[in-house]
Amino acid sequence: MTQNRPWIPYLLILPSVAFLALLFVVPLVQTIWLALSDNGAPSLANAERMVTDINFTRSVRNTFLLTIVVVPVQIAIALAMGAMVSKVGRGRETILWIWTIPLGISDLAAGLVWLSILQNTGYFNSLLFSLGVIGRQASWLSYQTPVALFIAIAVAEIWRGTAIVMVIIVAGLNQVPKEFKEAAEIFGAGPWTRFWRITLPLIRPALQSALILRTVLAFEVFAVVYALGGRNFPVLVGEAYNWQNQNQNYSVAAVYAVLIMIISLAATLIYLKALKVDPERLP
Amino acid sequence: MADIVIDRIRKSFGAFQALKEVSLTINDGEFVSLLGPSGCGKTTLLRIIAGLETSTSGDVRIGDRSIIGLAPKDRGLAMVFQNYAVFPHMTVYENVAFGLRMQKADDARVKAQVEKAAGLLHIEPYLDRYPNKLSGGQRQRVAVARALAVEPKVLLMDEPLSNLDALLRLEMRTELKTVLQSAGTTTIYVTHDQTEAMGLSDRIAVMHNGVVEQVGHPVEIYNHPATRFVGGFIGNPPMNFIKVPVSNGQVAAGAEQLAVPDDVGNEIVLGLRGEAVELAPLPQGIEMKVRVAEPMGSHLLLTGSIHDQPVRVILPASETVKSGDTIGLKLDRRRITWLSPESGKSFPAVSA
Ligand SMILES: Nc1ncnc2c1ncn2[C@@H]1O[C@H](COP(=O)(O)OP(=O)(O)OP(=O)(O)O)[C@@H](O)[C@H]1O
Ligand SMILES: [Mg+2]
């Protein structure tokens, strides 16, 4: 039927294309123009203003550091969780359901949860105090304790963002027929070899999706950091927010936005190249 | 020594009993086929021997040692899976080499073994390819090569040739038989194909509904099935079962009187292979009404009835019987199996 009327598929996808063009491409072009122009003429003045700001280098460093620490830990934890839950028979659904709870919590709420734990009068200090580890309230989230602050933010991010990785990886693991692992087992592969030589290569597509998604989201980290560290721990999106709201400088905020986009695209490309999924080698 | 003793194995999946007390002994170096209809528990039994499934009760021993608690890799066996389970992310070469690599064999040995197994199964042209691009039959041969390459003491094969064309299957099964025999490999071979089982096996175990109905030499199983199921399952056409009246410990077949086992009631089931008859004039022979006569070239296949019960018999191609004829048949009394009408089990052979 569609052979006679080849325009029908196009007609059907037109609304979604128009919707995206209107709400995505137009603002994108506007943002890029806003970032790269000054008084209506092309200019790098905003970019210069961004890089000379004292918080710029710190925010780039913090964002990358956080991504490099958080993403691999999340992948490792998700793989471990996925491997464990695949051994469970009854109650599997319930366990998965509990593990995905953080998925339903907004990142700001997640930040506030961890704030209530880690602030000076929080649960963590109460616990340490009652165990006699500390004599008086310790502070974990101030600019004087950058390492503790970093760890706190990383832990909160890992807690909040691992569920989505796990969901993707569990879906990937479900795609792998159990006979592959069984065959490997019969021919003498131990659990570790089976994981590295059979399971991991076979869930490559899921791994790739999880890595791309988590890395892009990690570069956009904001609410958790803002709740726990405020401006003590500048990150890229936080800086964009500050330039936009505090400084009312939309142009520099736009440069930050463009920078984040470029980093995300680059990361995606690197993953696509590095973890190339050869359709010939899939089950 | 690698004889396998399967001792009263039971397996339930929930309320469903897949295996109901299966016992079977496979001698060192013996080739035993598991033959039976779909769903009778063949794969389940292999998986229990391999350690991929835990039995509900019972024991499996290899060479006097119970292996029931051992991990699959410590049982010293290789297996060909029903759905191949050839690794999609490795080349055919690496697939075949997998077991040897796990044993940390050196490259020279790996190469020699892979080439030997690949040559045997005619898969050398595909060694550098990925399994995804191979046909079902080619993949199946990779799975067999992977198992042969490790030269196992015990080999479990789950319908390893089911996807090959008739010609290749015939060739492969002869080569398999030769290789396994010269290596003295103890083999359990699952198949649906009875001619394959008859041709390859030292002994056949016929399974039905989670029970081994009979174990024996192919000819013995063919001629003297232990149960009505086995007689009907093995052979083409299947064995005929005719319920006949018994008087004075004898059954009349035309003018002849056939002795039946002692202690039977007034009815017995006569199990008759289609080719264990010859044409005889009436009334000496037993009367058969021929409904359809089909000349098959090598023989003549007759479908009809004896004592109003359906039968199929085979006569030499030279006989001229037509559809609708009534003929007389002389039964080869040495090849008659007597079965109980109630239990369906056969009586021990009666000496003529
Ligand atoms: N994991 C399982 N859970 C529940 N039932 C199962 C399971 N595995 C097998 N069964 C059942 O056990 C019975 C025997 O299965 P099995 O796979 O051993 O049959 P099979 O003889 O190999 O059949 P086929 O010739 O079709 O391969 C079947 O009725 C099947 O439905
Ligand atoms: Mg099976």
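Give the peptides B:172-179, B:268-275, A:98-105, A:112-119 in descending order of average Cβ contacts within 10 Å, highest first.
In decreasing order of mean packing, B:172-179, B:268-275, A:98-105, A:112-119 become B:268-275, A:112-119, B:172-179, A:98-105.
In terms of the Cα gyration tensor, with a ≥ b ≥ c the square roots of its eigenvalues, is chain A rounded because a/c is under 1.5, prolate because a/b exceeds b/c, or oblate? Could you put the intermediate results ahead of the total?
Values: a/c = 2.12, a/b = 1.08, b/c = 1.96.
Oblate, since a/c reaches 1.5 and b/c is not below a/b.
Rounded to the nearest Å, what's the spacing between the alpha carbon centres of the range B:90-116 and the range A:175-226? Just the number, please.
Spelled out, the Cα-based centre of one part sits 26 Å from the other.
Report the charge-dipole magnitude of the range A:139-283 in Debye, nearest 20, computed about the Cα centre from +1 at each Lys and Arg Cβ and -1 at each Asp and Glu Cβ.
Values: 11 positive and 8 negative charges, 35 e Å.
Here the size comes out at about 160 debye.
If you place +1 on the Cβ of every Lys and Arg and -1 on the Cβ of every Asp and Glu, how big does the dipole about the Cα centre of the range B:237-284 come out, in debye to the nearest 20?
Numbers: 2 positive and 6 negative charges, 28 e Å.
For the range B:237-284, the charge dipole is close to 140 debye.
Shape verdict for the range B:287-342, please, from the Cα gyration tensor: rounded (a/c under 1.5), prolate (a/b greater than b/c) or oblate.
Because a/c hits 1.5 or more and a/b exceeds b/c, the range B:287-342 counts as prolate.
Which of the peptides B:322-331, A:159-168 is most tightly packed, and how do the rest follow, judged by the mean count of other Cβ atoms within 10 Å per residue?
Working: B:322-331: 16.4, A:159-168: 21.9.
In descending order of packing, they fall as A:159-168, B:322-331.
Under the definition of Cα pairs under 8 Å and six or more residues apart, what whole-number percent is the relative contact order of chain B?
Numbers: 741 pairs, mean separation 53.9, N = 352.
Once divided by the residue count of chain B, the mean separation gives 15 percent.
If you take each beta carbon of peptide A:46-54 and count the beta carbons of other chains within 10 angstrom, what is the mean?
Details: counts 0, 0, 0, 0, 0, 0, 0, 0, 0.
Across A:46-54, the average partner-chain Cβ count within 10 Å equals 0.
Can you give the angle from 0 to 90° between the axis of helix B:166-183 and the longest principal axis of chain B, with both taken from C-alpha atoms, to the nearest 10?
Approximately 70 degrees, to the nearest 10.
Please say if the range B:207-352 is rounded, prolate or oblate, where rounded means a/c under 1.5 for a ≥ b ≥ c the square roots of the C-alpha gyration tensor eigenvalues, and otherwise the choice is prolate for a/b larger than b/c and oblate otherwise? All intermediate terms of the calculation are to be shown ahead of the outcome.
Working: a/c = 1.98, a/b = 1.27, b/c = 1.56.
Oblate shape, in that a/c is at least 1.5 and b/c is the bigger or equal ratio.
Based on Cβ point charges of +1 for Lys and Arg and -1 for Asp and Glu, what charge dipole magnitude is obtained for chain B about its Cα centre, in debye rounded to the nearest 20? Walk me through the numbers before you get to the answer.
Working: 37 positive and 39 negative charges, 160 e Å.
For chain B, the charge dipole is close to 760 debye.
Roughly how far apart, in whole Å, are the Cα centres of the range B:1-48 and the range B:275-300?
Taking the Cα centre of the range B:275-300 as reference, the centre of the range B:1-48 is 40 Å away.
Once Rh is set to the Kirkwood radius over Cα pairs, what Stokes-Einstein translational diffusion coefficient, in µm²/s, holds for the range B:4-226 at a temperature of 10 °C and a viscosity of 1.306 mPa s? Each step should come with its number before you reach the end.
Details: Rh = 17.8 Å.
Diffusion coefficient, whole number: 89 µm²/s.
Taking a 29 Å limit on the Cα-Cα distance, which of the listed pairs A:181/B:42; B:133/B:153; B:42/B:104 fall beyond it?
Beyond 29 Å: B:133/B:153; B:42/B:104.
With 10 Å bins from zero, work out the P(r) of the range A:47-130 over every alpha carbon pair and list the percent per bin.
Calculated P(r), rounded to whole percents: 13, 23, 33, 22, 7, 2.
Using Cβ counts within 10 Å as a stand-in for footprinting exposure, how do B:192, B:224 rank, fewest first? Kindly include the intermediate steps, with their values, before the conclusion.
Values: B:192 13, B:224 20.
Ascending number of Cβ neighbours within 10 Å: B:192, B:224.
If you average the alpha carbon positions of the range B:219-258 and of the range A:126-164, how far apart do those two centres end up, in angstrom?
Centre-to-centre (Cα) distance: 84 Å.
Mind checking which helices in chain A clear 24 Å along their axis (Cα) and have mean Kyte-Doolittle hydropathy of 1.6 or more, DSSP H runs only? Show your work: numbers first, answer last.
Values: long enough: A:54-86 (49 Å, 1.39); A:146-175 (42 Å, 1.74); A:250-274 (36 Å, 1.94).
Helix filter hits for chain A: A:146-175, A:250-274.
Shielding of A:187-193 by partners, i.e. mean partner chain Cβ atoms within 10 Å per residue? If you can, show how the numbers build up before the last one.
Working: counts 17, 14, 6, 3, 1, 0, 3.
Going residue by residue through A:187-193 and averaging, the value is 6.
Relative to the longest principal axis of the C-alpha atoms of chain B, give the angle of the C-alpha long axis of helix B:107-120, reported between 0 and 90° and rounded to the nearest 10°.
Tilt of helix B:107-120: around 30 degrees.
Please report the net charge: other residues with Cβ closer than 9 Å to the Cβ of residue B:3, K and R +1, D and E -1. Numbers along the way, then the final one.
Working: positive: B:61; negative: B:28, B:30, B:64.
In short, -2.
Which of the aspartates and glutamates could be linked to residue B:20 by a straight reach, that is with a Cα gap under 12 Å, when you skip same-chain ones fewer than 8 residues away?
B:7, B:213
By how many degrees, between 0 and 90 and to the nearest 10, does the Cα long axis of helix B:92-102 differ from the longest principal axis of chain B?
The angle comes out near 70 degrees.
Calculate, axis by axis, the spread of Cα positions in the protein assembly as shown along the three principal axes, and write the results as whole Å, longest axis first.
119, 74, 52
Which of A:187, A:124 comes first, and how do the rest follow, when ranked by fewest Cβ neighbours within 10 Å? All intermediate terms of the calculation are to be shown ahead of the outcome.
On the way: A:187 24, A:124 17.
Fewest-to-most ranking of A:187, A:124: A:124, A:187.
Please compute, for peptide B:81-88, the average count of beta-carbon atoms on other protein chains lying within 10 Å of each residue's beta-carbon. Please list the in-between numbers first.
Working: counts 6, 1, 2, 2, 9, 4, 9, 9.
Counting other chains' Cβ atoms within 10 Å and averaging over B:81-88 gives 5.
Could you work out the relative contact order of the range B:237-339, using alpha carbon pairs under 8 angstrom and six or more residues apart, expressed as a whole percent? Show your work: numbers first, answer last.
Numbers: 239 pairs, mean separation 33.4, N = 103.
After rounding, I find 32 percent.
Hey, what did the range A:55-281 get for relative contact order, percent, Cα under 8 Å, at least 6 apart?
Values: 239 pairs, mean separation 64.0, N = 227.
Relative contact order here is 28 percent.
Every number in this text was worked out from the coordinates using simple rules, so none of it is lab data. Quick caveat, the model's predicted, so the values are computed rather than measured. Here Cβ is always computed from backbone atoms with ideal geometry, including for glycine, and neighbour counts include all displayed protein chains.
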